[in-house]
Amino acid sequence: MIHHVLVVEDDDGIALPLIRTLQREGYDVARESEGLAGLKRALAGPVDLVILDLGLPDVDGLEVCRRLREDGYGGTILILTARAGELDRVVGLDVGADDYMAKPFGLAELLARTRALLRRTRVTVPAAGAADPAAWPAAATAATPPSVLHVDIQSRRALVEGHEVPLTAKEFDVLALLNSEPGTVFTRERLMDTVWDENWFGSTKTLDVTIGRLRQKLEEHGAPARVTTVRGVGFRLEAT
């Protein structure tokens, strides 16, 4: 399957070598130089991964990221920026980014992260011991009737009373894994290795940000389940 990558970067010195490198790897690559044009193109699809610069000429990349998620973009977002401070990284992840790279960056590392992100974009995450996603049930519930909380593995949708909860790829993968064994504690290491890949380069704070967003969305949509922290160990999904 050919993956579609959108590069939103106004600097030709960064964008052009990046595009050539991605194309040599077999990706279908498009580029936009402004944030609003990138937002429109990503939502028009098909786009599996958005590589997004923060310092865009028309609108800040964080705003583009936030609006992509609010408008239902479910692919992966990788932020590129010269803002290397921890606060900026946390803000970027908090508005919906899946990964974050500071400039200058090495193309080899960026390709490694791209491969890791795209492996998880459209692939169902198996629980430990399930080597094939087909081994997962077509739907599972957190100790509640399917009509109340329904996590559909095949369509990658989470439904509450028939209404879809808009989740990013990583949020859904975390929920699906926790929901595969409701009430079971999943360690932070298992969640990171399964959802983000054992070759993940980023901070484990990414997991905390994703869990925080997932909790908020489940609560906002009245889901009868919550993600509970087991201090020093990890997380579990339990019915409310």
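Which lysines, on any chain, are close to Lys217 with Cα under 30 Å apart, when same-chain ones fewer than 8 places away are left out?
Reachable lysines: Lys40, Lys170, Lys205.
With a/c under 1.5 counting as rounded, go ahead and sort the stretch 10-82 into rounded, prolate or oblate using the C-alpha gyration tensor (a ≥ b ≥ c being the square roots of the eigenvalues; past the cut-off, prolate if a/b is larger than b/c, else oblate).
oblate
Normalised by the number of residues in the stretch 1-51, what is the relative contact order in percent for Cα pairs under 8 Å and 6+ residues apart?
Relative contact order of the stretch 1-51: 54 percent.
All other residues with a Cβ under 13 Å from the Cβ of Arg236 taken together, and with Lys, Arg as +1 and Asp, Glu as -1, what is their net charge? The partial results should precede the final answer.
Working: positive: Arg188, Arg190, Arg215, Arg226, Arg231; negative: Glu181, Glu238.
Result for the neighbourhood of Arg236: +3.
Taken together, the values in this text are just the output of simple stated rules run on the coordinates, not laboratory data. All values reported here derive from a predicted model rather than from experimental measurement. We place every Cβ from the backbone using ideal geometry, glycine too, and count neighbours over all the protein chains shown.
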